[in-house]
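Enquirer: Here it is, the structure, as structure tokens.
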Amino acid sequence: MESGRAFDQIAGEYDDTFTQTLIGRAQREQVYGFINQILEKPDIQQILEVNCGTGVDACWFAQQGKTVLASDISPQMISTAEQNKQQLDGDLQSKLEFKVRSADQIEGLTPPGSVDLVFSNFGGLNCLSPNQFRFFFPQANKLLRPGGYLALVIMGRFCWWESLYFLTKLRLKKVFRRLNRKAIPAQLDETTFVDTWYYSPDDCLEIADGFQLTALKPIGFWLPPSYLEPFFQQRPTSIRVLSRLEKQFSHWRWPSYAADHYYLVLQKTSDSN
């Protein structure tokens, strides 16, 4: 299913089924711990968020004192984000703007060179085909000021948790499904699927002209994928233990190649266009 319509169908329940779950909160806390290292820089003020979903991250950025323009391909996700925005104080609401826009069409959202940070969380860019994915990077580069940052949380091409899960279920055709270069229908709920492509960190670096790598960290090496929430919901202590392990392994790059997601930070070189 086309990603905009697919996410329209789950917008109303997304926060309940992911954002507020044990796994969802644990993985997001890990992302925030990483992104804070960028936000604490005094020259990071203007943020463009791509694939913002229900606006949880955009609202959090505003609470950190940043000005945020957040976009998503799904009108219903943007509608839910506007509702979440209303929960903020008035001065914080003024720092937030939401727009309906696909991730491969962000050029023109803001003037060139006006953004300090472009951010996309939890596999939003995995809904882009290889051609769309390749086109995203030069658009982001154009919107960023020299020295600005591109911070992405992407689903990689191998996740040991996922392979183990499908292996124990004897669903052998799915054990290494992420290695497929073709679109994989990822299940969003019982009836909704969206075409998904998986990209390794190396895939990104090969096409990220005008950027230099500044960080690569795992998100979900020890923490399990969100579809295992029913199992871990009855085992909150396990999630706390796995979260501690996650933090201990976050200093290395190599777990990024076997995690549910990876956190990739690229900095625009001063001489790029």
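The values are calculated or read from the model by the stated rules, or taken from the named source; none is laboratory data. Fair warning: this is a prediction, and the values are worked out from it, not measured in the lab. FYI the Cβ positions are ideal-geometry reconstructions off the backbone, even for glycines, and counts take in every protein chain you see. Protein only, heavy atoms only, side chains kept; ligands, DNA and RNA dropped before computing areas. Shrake-Rupley method; radii C 1.70, N 1.55, O 1.52, S 1.80 Å.
Enquirer: For the stretch 52-127, report the % of Cα-Cα distances exceeding 18 Å. Don't skip to the answer; put the middle values down first.
Expert: Working: 1027 of 2850 pairs.
Cα-Cα pairs of the stretch 52-127 separated by over 18 Å account for 36 percent.
Enquirer: Using 16 Å as the cut-off for backbone N distance, which residues of the stretch 122-166 belong to the label zone defined by a point 7 Å from the Cα of L213 along Cα→Cβ?
Expert: 150-158
Enquirer: Let me ask you something else. Report the gain in length on full extension from E29 to T67: 0.36 nm times residue separation, minus Cα-Cα distance, nm rounded to one decimal.
Expert: On the way: separation 38, 0.36 × 38 = 13.68 nm, distance 2.07 nm.
11.6 nm is the gain from fully extending E29 to T67.
Enquirer: Moving on to the next point. How large a share of the accessible area of the chain, in percent, is made up of carbon and sulfur atoms when the probe is 1.4 Å and the other protein chains stay in place? If you can, show how the numbers build up before the last one.
Expert: On the way: 6370 of 12480 Å².
C and S atoms contribute 51 percent here.
Enquirer: Here's something else I'd like to know. Taking every eigenvalue of the Cα gyration tensor of the chain, multiplying by 5 and rooting it, what semi-axes result, largest first, whole Å? Write down the numbers at each step before the final one.
Expert: On the way: eigenvalues 148, 90, 74 Å².
Its equivalent ellipsoid spans semi-axes of 27, 21, 19 Å.
Enquirer: Skip the ligands, DNA and RNA, and give the accessible area per residue of the stretch 49-164 with a 1.4 Å probe, whole Å². Could the numbers behind the result be given before it?
Expert: Numbers: 4060 Å² over 116 residues.
Each residue of the stretch 49-164 exposes 35 Å² on average to a 1.4 Å probe.
Enquirer: Let me ask something else about it. Based on the Cα coordinates of the stretch 1-104, what is the per residue volume of their convex hull in Å³?
Expert: On the way: hull volume 10.6 nm³, N = 104.
Cα-based convex hull of the stretch 1-104, divided per residue, equals 102 Å³.
Enquirer: Over all directions, the average projected area of the alpha-carbon convex hull for the stretch 120-241 comes to how many nm²? Please list the in-between numbers first.
Expert: Values: hull surface 36.1 nm².
The number I arrive at for the stretch 120-241 is 9.0 nm².
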